[in-house]
Structure formats: C-alpha cells, structure tokens
Amino acid sequence: MIEIICGEKGKGKTKELLAKVNHEVVSASGSVVYLDKSQKHMYELNNKIRLINVMDYPVTNCDEFLGFICGIVSQDHDLEEMYLDSFLTIASIEDDSEIVKAIEKLDVISEKYKVRFVLSVSRNKDSLPECAKAKVTISL
C-alpha cells in the first residue's frame, strides 16, 4: 500500500508525515523506517523509528534509489512501514515518467513484502501522474 501526502513546498507535508509516523509507531508490531534528505528531524521522531539520511549514500538516480529501498526491505524481515520525506529529492526523480516507474515498483515491493509506504511529494495533486493521484490521502 502506498499513501501520498502532496502539496507545494512549505505547505506542511513534513509536519503531517512526522505526526503520522509518530502516531503509527505506537501500534506498529514491526519496524518503522523514516527516509529523509538530512538528520534535521531526528529529535522529532519517536526513538523506535529508524531514521536514514539517504544523502549519506551514493544514490544518484531513481533506479539506484529503488535498489536502496530493496536493500532496506531485504535486511529487515519485520519491516512494516517506510516513510519517505521529500520523495522526489531523495529518489532523484526528474519527471513524471520516473514518478510512474517508482510508484509501480514501490507497489510491487509493498505487495510482495507487506510494507506500507507513505510518501511526501512536493507537488499539487493536479500536477501528479494519474497513478499517483489515486494514492493521495492528504493534499495540502
């Protein structure tokens, strides 16, 4: 399952994402991972949540990012949820075709390994590809 929180830069997507992850970790029976472009929100996250700064790793394009995600999933069989803040930035996504490709791959990973993905995307709902619009749960 994939959920998307979307809206222009500065609308409060990260605040929503942080509130959601901190609320969900209380009832989670497995691991919860939060991917971001910095360590900035480390102290705002519950200590049960693993924060990974994607910028610390040599991820330079969308394919490498998806491989990075698979690596995280493969090393933690108890992984239940992944929160991806600044999704377009950390995934090195440039255009709509890459958004579609990434969402399709994340759908496959989600179904096969039973991991829920929650993405923060800095775009208005109207400017997202159709496959992404259907997954929007919060539009700011």
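The values are calculated or read from the model by the stated rules, or taken from the named source; none is laboratory data. All values derive from a computational prediction rather than experimental measurement. We place every Cβ from the backbone using ideal geometry, glycine too, and count neighbours over all the protein chains shown. Each accessible area value is taken on the protein alone, full model and side chains, heavy atoms only, with ligands, DNA and RNA left out. Shrake-Rupley method; radii C 1.70, N 1.55, O 1.52, S 1.80 Å.
What whole number of Å gives the distance from the Cα centroid of region 6-33 to the Cα centroid of region 69-128? Computed from Cα coordinates, the inter-centre distance equals 14 Å.
Shown here are the Rg and Dmax of the Cα trace of the chain, at 13.7, 36 Å. Straight-distance candidates among the lysines for linking to K13, with alpha-carbon spacing under 27 Å and chain neighbours fewer than 8 residues away dropped: K37, K40, K48, K101, K105, K114, K125, K133, K135.
Largest accessible area first, the residues K105, K13, K20, K40 order themselves as K40, K105, K20, K13 under a 1.4 Å probe with ligands, DNA and RNA left out.
With helices defined as uninterrupted DSSP H runs, which ones in the chain have an alpha carbon span along their own long axis of at least 15 Å and mean Kyte-Doolittle hydropathy of at least 0.5? Before the final figure, lay out the partial values.
Working: long enough: 13-27 (22 Å, -0.33); 62-75 (20 Å, 1.11); 96-113 (25 Å, -0.26).
What comes out of the filter, once short or polar helices are dropped, is 62-75.
Ranking H23, H41, H77 from most to least accessible surface, computed with a 1.4 Å probe over the protein chains only, gives H77, H23, H41. Using a 1.4 Å probe on the protein heavy atoms, what percent of the accessible area of the chain belongs to carbon and sulfur? Here it works out to 50 percent.
For the chain, the solvent-accessible area of protein heavy atoms averages 52 Å² per residue (probe radius 1.4 Å; ligands and nucleic acids excluded). Applying a DSSP loop filter and a limit of 14 other Cβ atoms within 10 Å to the GluC sites (Glu not before Pro) in region 1-109 leaves E8, E94.
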